[in-house]
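Take a look at the structure below.
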Amino acid sequence: MPISGSPCSPGLTLSDIVEAICRGGWPATLRARSDHAIRYVRNYVDEVRRTDIERASGVHHDPNRVLRLMQSLARNVATDVNVATLARDVSDADRAVQDRTVATYLDALERLFVVENQPAFSPHLRSRSRLRKAPKRHFCDPSVAVAALRTGPNRVMSDLSFLGLLFESLVVRDLRIYAATQDADVRHYRDNTGLEVDAVVETAAGQWIPVEVKLGGDALVEAAAASLLKLKDRVDVTRMVEPVKLLVVTATGYGYERTDGVTVVPIGALGP
């Protein structure tokens with residue numbers, strides 16, 4: 001996946017990134033005022049939980065439980081949270097919600113393209129590390145997570161941990177769009193040793209690019225580069241090709257090539 005110039009800076013600030021996350025990539029919100037865009041996405045969430053999900057499944061669902069599920073997914077966006085945890089979040093004090101009920105809700109949300117799972121990458125490894133197969137959970141657009149929680153830019157900016165997950169989901173959304181033009185999928189890597197890589201773009205021809213996503217900062221970029229290099233070393237290149245590129249996507253700053261071969265690029269300079 002080519003990089004749009006190096007070194008380069010698209011001039012985005014962290015506030016710009018938060019604004020992009022909250023307004024989303026919807027055609028109707030791109031030029032709207034921020035408060036109007038946020039209201040638009042909240043209305044979308046209400047329409048999904050009250051009407052769309054019942055049409056998709058053919059079964060009546062409690063709109064309040066659907067909202068609680070979407071809120072739980074929002075709090076756990078860009079993680080591999082399991083159905084049992086989601087079911088506990090959806091349950092109320094006097095009645096537990098069964099795992100199979102939540103699975104039905106999730107299936108309907110996936111068919112509506114509200115929720116999009118990110119499957120696991122399964123490379124050929126030199127080591128005996130065991131791969132984790134659970135998918136990561138994302139919304140079609142991270143603005144849905146913000147809208148489901150009825151929060152906004154100021155509160156998102158004040159919680160850097162949550163912002164980091166939302167930013168990862170934003171990058172995965174963009175990677176999916178760009179990957180589609182290359183007949184590629186966007187996966188993630190995790191094994192039993194604790195090694196994780198946020199995204200792996202893999203083409204049908206077997207080419208692949210591992211991607212780490214960080215808000216920024218030298219220490220975080222350094223850790224991200226180490227994870228990418230470790231994954232590269234674990235892959236058995238006699239059974240699959242070497243990665244096309246090792247990529248760290250940041251929120252702000254400049255794009256550049258490191259001496260270890262890792263490319264750092266701000267999201268605003270990422271493109272097909």
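Let me know the shape class of the chain, please: from the alpha-carbon gyration tensor, a ≥ b ≥ c as square roots of the eigenvalues, rounded when a/c is under 1.5, otherwise prolate if a/b is greater than b/c, or oblate.
Working: a/c = 2.01, a/b = 1.37, b/c = 1.47.
Oblate shape, in that a/c is at least 1.5 and b/c is the bigger or equal ratio.
So what are the three principal axis dimensions of region 144-217 from its Cα atoms, in whole Å, longest to shortest?
Between the extreme Cα coordinates on each principal axis of region 144-217 lie 43, 32, 23 Å.
Taking the 0 to 90 degree range and rounding to the nearest ten, how far is the long axis of helix 63-75 tilted relative to the main principal axis of the chain, both from C-alpha atoms?
Value to nearest ten degrees: 20.
What do you reckon, how do ASP94, ASP80 stack up by accessible area (1.4 Å probe), largest on top? Can you show the working numbers first?
Details: ASP94 135, ASP80 50 Å².
Accessible-area ranking of ASP94, ASP80, largest first: ASP94, ASP80.
Can you tell me the FRET efficiency between ARG132 and LEU229 if r is taken as the Cβ-Cβ distance and R0 is 22 Å, rounded to the nearest 0.05? It would help to have the intermediate numbers written out before the result.
Details: r = 20 Å, r/R0 = 0.91.
Using R0 = 22 Å, I get an efficiency of 0.65.
Choose one answer from THR252, THR101, THR193: the residue with the largest mean-square fluctuation in a GNM of the chain with alpha-carbon springs under 10 Å.
Looking only at THR252, THR101, THR193, the largest GNM fluctuation is found for THR193.
For the chain, what is the mean residue ellipticity at 222 nm derived from helices alone (per DSSP H run of n ≥ 4: -39500 (n - 2.57); sum divided by total residues; nearest 500 deg cm²/dmol)? All intermediate terms of the calculation are to be shown ahead of the outcome.
Numbers: 10 runs with 114 residues, N = 272.
For the chain, the value works out to -13000 deg cm²/dmol.
Taking H placed 1.01 Å from N in the peptide plane, check which residues at least 5 places from LEU246 or on another chain put their amide H under 5 Å from its amide H.
THR263
So, how do all the Cα-to-Cα distances of region 39-194 break down into 10 Å bins, in percent, from 0 on up?
Histogramming region 39-194 at 10 Å steps yields 10, 36, 35, 15, 3, 0 percent.
Return the inverse of the average 1/r over all pairs of distinct C-alpha atoms in region 197-272, which is the Kirkwood hydrodynamic radius, in Å to one decimal. Walk me through the numbers on the way to the answer.
On the way: mean 1/r = 0.0788 Å⁻¹.
With all distinct Cα pairs of region 197-272 included, I get 12.7 Å.
Using a 1.4 angstrom probe and counting only protein chains, how large is the accessible area of VAL248 in Å², to 10?
0
I'd like the antiparallel share, as a percent to the nearest 5, of DSSP beta bridges with both residues in region 155-250. Mind showing how you got there, number by number?
Values: 10 of 14 bridges.
Bridges in region 155-250 that DSSP calls antiparallel: roughly 70 percent.
HIS36: accessible area at probe 1.4 Å, nearest 10 Å²?
90
Counting only heavy atoms of protein chains, what accessible area per residue, in Å², does region 150-272 have with a probe of 1.4 Å?
Values: 5390 Å² over 123 residues.
Each residue of region 150-272 exposes 44 Å² on average to a 1.4 Å probe.
With all protein chains present, how much of the accessible area of region 61-184 (probe radius 1.4 Å) comes from carbon and sulfur, to the nearest whole percent? Kindly include the intermediate steps, with their values, before the conclusion.
Values: 2730 of 5790 Å².
Carbon and sulfur: 47 percent of the exposed surface of region 61-184.
Convert each backbone phi in region 210-219 into a coupling constant with the Karplus relation 6.51 cos²θ - 1.76 cosθ + 1.60 (shift: θ = phi - 60°), then list the ³J(HN,Hα) values in order as whole Hz, x for Gly and Pro.
x, 10, 9, 10, 9, 4, x, x, 4, 5
Need one number: nm distance between label points at THR193 and ASP218, each 7 Å from Cα along Cα→Cβ, rounded to one decimal.
A separation of 2.8 nm, rounded to one decimal place.
For the chain, with the dipole built from +1 on Lys and Arg beta-carbon atoms and -1 on Asp and Glu ones, taken about the Cα centre, which of VAL144, ALA204, GLY271 lies farthest toward the positive end?
About the Cα centre, the residue reaching furthest to the positive side is VAL144.
Show the residues, 5+ positions off or on another chain, whose built amide H is closer than 5 Å to the amide H of HIS188.
Result for HIS188 returns ALA120, PHE121, VAL200.
Just to be sure I understand: of the beta bridges DSSP finds with both ends in the chain, what percent are antiparallel, rounded to 5?
Working: 22 of 32 bridges.
About 70 percent, rounded to the nearest 5.
Mind giving me the FRET efficiency for ARG258 and VAL237? R0 is 22 Å, r the Cβ-Cβ distance, nearest 0.05 is fine. Spell out each step's value before the answer.
Details: r = 21 Å, r/R0 = 0.94.
Working from the Cβ atoms, E equals 0.60.
Compute the convex hull volume of the Cα atoms of region 32-106, divide it by the residue count, and report the result per residue in Å³ as a whole number. Provide the component values of the computation, followed by the final result.
Values: hull volume 8.0 nm³, N = 75.
Looking at region 32-106, the number lands at 107 Å³ per residue.
For the chain, find the longest principal axis of its Cα atoms and tell me its angle to the long axis of helix 160-180, 0 to 90°, nearest 10.
70
What's the extension gain from ALA205 to ASP159 if we count 0.36 nm per residue and subtract their Cα-Cα distance?
Values: separation 46, 0.36 × 46 = 16.56 nm, distance 3.99 nm.
Full-extension gain reported as 12.6 nm.
Assuming 0.36 nm per residue, please report the length gained on full extension of the stretch ARG75 to GLU110 beyond their Cα-Cα distance. All intermediate terms of the calculation are to be shown ahead of the outcome.
Values: separation 35, 0.36 × 35 = 12.60 nm, distance 1.76 nm.
That works out to 10.8 nm of additional length.
Return the distance in nm (one decimal) between the two label points of a simple spin-label model at ALA28 and LEU125, each offset 7 Å from Cα along Cα→Cβ.
4.5
Express the carbon and sulfur contribution to the solvent-accessible surface of region 5-54 as a percent, rounded to the nearest whole number, probe 1.4 angstrom.
Values: 1370 of 2720 Å².
The value for region 5-54 is 50 percent carbon and sulfur by accessible area.
The values are calculated or read from the model by the stated rules, or taken from the named source; none is laboratory data. Since the model is a prediction, treat every value here as computed from it, not as a measurement. Glycine gets a Cβ as well: all are built from the backbone with ideal geometry, and neighbour counts include every protein chain shown. We work out accessible area using only protein heavy atoms, side chains counted, and drop any ligands, DNA or RNA first. Shrake-Rupley method; radii C 1.70, N 1.55, O 1.52, S 1.80 Å.
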